[in-house]
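Visitor: First, the structure itself, so that you have it in front of you.
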Amino acid sequence: MTFIRFFPLLTLLALLSTLLGCSGPDSTQSYYSKPEPVAMATVTYDANGATEGSPPASQSFSPSDPTWILGNTRGLAKTGFLFSGWNTAANGSGTSYAPGAKYIHGLNLKLYAVWNIVVTVTGVTLSPSTDQTNLSVGDILNFAATVNPANATDKSITWTSSVPTVATVSPPGVVTAAGPGTSTITVTTSDGAKTASVSVTVLSGTTPVTEVSLSQTILGACRTEGLALGR
């Protein structure tokens, strides 16, 4: 019979299963596959035509974690241009990322250095631009400085007074008359050292009387004169 013919084979398979430690479908033993490594996302940086320095090293991070965009950490520079951040397009038409920005998308990202052309300062003017005279101690004047051109890259300036005892000056151009005399107020640009100046003259004024004192000699004479008049 067919059953008798295959019985020894079934018996042999059962015996082999026992010897190899295999379990049947009712066994409580569990089997786990080896976990696959998590793919890492990467942020890479491109110097985008820099003439010196190097871009930051690439950053690798888990897609489930955020990362922070690096700055110009390796001295990137380009003659005639100023580094102003990163962009996903070499021509600056993509998404911009500032140094320190948080990146949370978990995808590979390539960033290109953004270079803005440097616009140099050509001059600076003061308003009012005429010399100031007939000032009294304590008077305050406000000067306004205009750096040219209007789109200059570095428009920072400094204020100085040639004689601070006559007139002091503080940003953004507040001049205070301090004492009699003449002082020159000058504004100087950080880019190119361009200057503009005005003269400030403070007049000598009458000093108000705040106290009167009499010597003993005068007081004695007054007493003697008073006694003579009382006779």
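Visitor: If the Cβ limit is 7 Å and pairs must be 6+ apart or interchain, which residue in the range 84-104 that is open to solvent by 30 Å² or more (accessible area, probe 1.4 Å) pairs with which residue that is at pLDDT below 95?
Guide: Listed by first residue and then by second, the contacts come to LYS102/PRO66; ILE104/PRO66.
Visitor: Within the range 191-199, is there a residue that is part of a strand (DSSP E or B), over 30 Å from PHE81 (Cα atoms), open to solvent by 40 Å² or more (accessible area, probe 1.4 Å) and modelled with pLDDT of 95 or more?
Guide: Among the residues of the range 191-199, at least one is part of a strand (DSSP E or B), over 30 Å from PHE81 (Cα atoms), open to solvent by 40 Å² or more (accessible area, probe 1.4 Å) and modelled with pLDDT of 95 or more, which makes the answer yes.
Visitor: Among the residues of the range 150-180, how many are surrounded by 13 or more Cβ atoms within 10 Å (Cβ to Cβ), without any contact (Cβ under 8 Å) to a residue 12 or more places away in the chain and small (Gly, Ala, Ser)?
Guide: 0
Visitor: Please enumerate the residues belonging to the range 162-186 that are of a type in the set (Gly, Ala, Ser), more than 19 Å from SER204 (Cα to Cα) and more than 23 Å from the chain's Cα centre (by Cα).
Guide: The answer is GLY173, and nothing else.
Visitor: Determine whether VAL147 is in a strand (DSSP E or B), of a type in the set (A, V, I, L, M, F, W, C), within 30 Å of TRP159 (Cβ to Cβ) and under 25 Å from the mean Cα position of the chain (by Cα). Walk me through it before giving the result.
Guide: Details: in a strand (DSSP E or B): yes; of a type in the set (A, V, I, L, M, F, W, C): yes; within 30 Å of TRP159 (Cβ to Cβ): yes; under 25 Å from the mean Cα position of the chain (by Cα): yes.
Against the criterion (in a strand (DSSP E or B), of a type in the set (A, V, I, L, M, F, W, C), within 30 Å of TRP159 (Cβ to Cβ) and under 25 Å from the mean Cα position of the chain (by Cα)), VAL147 qualifies.
Visitor: Take the residues in the range 38-73 that are in a loop (DSSP other than H, G, I, E, B) and at pLDDT below 95; name whichever of them is farthest from the chain's Cα centre (by Cα). Working first, answer last.
Guide: The first filter runs over the range 38-73 and keeps only residues in a loop (DSSP other than H, G, I, E, B), leaving 38-40, 47-51, 53-58, 62-66, 69-73.
Adding the requirement that they be at pLDDT below 95 leaves 38-40, 62-66.
Numbers: VAL38: 37, ALA39: 35, MET40: 32, SER62: 30, PRO63: 30, SER64: 30, ASP65: 27, PRO66: 23 Å.
Among residues in the range 38-73 that are in a loop (DSSP other than H, G, I, E, B) and at pLDDT below 95, the one farthest from the chain's Cα centre (by Cα) is VAL38.
Visitor: Quick check on this structure: which one of LYS34, LYS110 is out of contact with any helix residue (DSSP H, G or I) (no Cβ under 6 Å at 6 or more places or on another chain), at pLDDT below 95 and of a type in the set (Lys, Arg)?
Guide: LYS34
Visitor: Filter the range 107-127 for residues that are of a type in the set (Gly, Ala, Ser) and loosely packed, with under 15 Cβ neighbours inside 10 Å; which is farthest from SER60 (Cα to Cα)?
Guide: SER127
The values are calculated or read from the model by the stated rules, or taken from the named source; none is laboratory data. If you're wondering where the values come from, they're calculated on a predicted model, not measured in any experiment. Please note: Cβ atoms are built from the backbone with ideal geometry, for glycine as well, and neighbour counts cover all protein chains shown. Side chains are part of the model used for accessible areas, which takes the heavy atoms of the whole protein and leaves out ligands, DNA and RNA. Shrake-Rupley method; radii C 1.70, N 1.55, O 1.52, S 1.80 Å.
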